[in-house]
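The values are calculated or read from the model by the stated rules, or taken from the named source; none is laboratory data. Note that the coordinates shown come from a computational prediction; the quantities given were computed from them, not determined experimentally. Neighbour counts run over all protein chains shown; Cβ positions are idealised from the backbone, glycine included. Side chains are part of the model used for accessible areas, which takes the heavy atoms of the whole protein and leaves out ligands, DNA and RNA. Shrake-Rupley method; radii C 1.70, N 1.55, O 1.52, S 1.80 Å.
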There are 2 protein chains.
Amino acid sequence: MTVYKFALADVSFERSPGQQADIFTGNVLDQHHGGPVTVGFGRYGPNQILETTIAVHDTMVILEGGVSVTSNGETFNAGPGEIIAMQDGDRVTIRSHEEGAVTAYVTYPHWQEAES
Amino acid sequence: MTVYKFALADVSFERSPGQQADIFTGNVLDQHHGGPVTVGFGRYGPNQILETTIAVHDTMVILEGGVSVTSNGETFNAGPGEIIAMQDGDRVTIRSHEEGAVTAYVTYPHWQEAES
């Protein structure tokens, strides 16, 4: 097996599927690499909103800016160095703050397979 | 299921098992919570060295400071916002830089079960 190092500059961002907001994801490790988890970076423009039902276990580490995640009437605000962990089946609304946000994420299993 | 938010201030750090270096880990989500992954924070003093064989898939996000990870004669340097992904069975040497390091990690499966 192999050790990988990834930086934001390595990422090819694509618009997060199923929505038109200024929210982009870029996998750096996924189902094509043979491991159990998908790793990637997310980029949110200012004040964007994503409503979705999480299809995997999704751990999000905030690298820059901030997001608020609302689920079941409860809102969690997270800034740089903080972690949001969402579970399979959670209905969430993710809002980026006015400065936008950059995140790193790890999903188990692979989110692109779970959503397809 | 539930959405969680974690900050460094939530963490109860313990010395990383099997070694005496100034390296501490603190799980915030693990086998006790019923999910598939362990999530936590790591804290490294300056110029610490950890030699280990990785027992899980371990994704490490550098939050502060820096680390170098050497495996199979190749060294990866990572600083804030960068990611190191290590696989089950990788023999690695992790060195913290002179400013130490703070990391977030996600392991699949749970590292405390894999190492016990």
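Computed quantities for the displayed model
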{"item": "Test for B:Val92: is it among the β-branched types (Val, Ile, Thr) and at the interface with chain A (Cβ under 7 Å from one of its Cβ atoms)", "result": "yes"}
{"item": "Residue check for A:Asp90: without any contact (Cβ under 8 Å) to a residue 40 or more places away in the chain and among the charged types (D, E, K, R)", "result": "yes"}
{"item": "Given (1) modelled with pLDDT under 95; (2) under 30 Å from B:Ser71 (Cα atoms); (3) β-branched (Val, Ile, Thr), number of the condition A:Thr103 does not satisfy", "result": "(1)"}
{"item": "The listed residue being free of Cβ contacts under 8 Å to residues at least 40 places away in the same chain, touching a strand residue (DSSP E or B) at 6+ places or on another chain (Cβ under 7 Å) and farther than 19 Å from B:Val61 by Cβ, out of A:Ile49, A:Ile83, A:Ile54, A:Ile23", "result": "A:Ile54"}
{"item": "Odd one out for A:Glu74, checked against (1) more than 29 Å from B:Thr70 (Cα to Cα); (2) under 12 Å from the mean Cα position of the chain (by Cα); (3) charged (D, E, K, R)", "result": "(2)"}
{"item": "Subset of segment A:101-116 [open to solvent by 20 Å² or more (accessible area, probe 1.4 Å) and among the hydrophobic types (A, V, I, L, M, F, W, C)]", "result": "A:Trp111, A:Ala114"}
{"item": "Selected residue (only one of A:Phe41, A:Phe24 is under 22 Å from A:Tyr4 (Cβ atoms) and more than 12 Å from chain B (Cβ to nearest Cβ))", "result": "A:Phe24"}
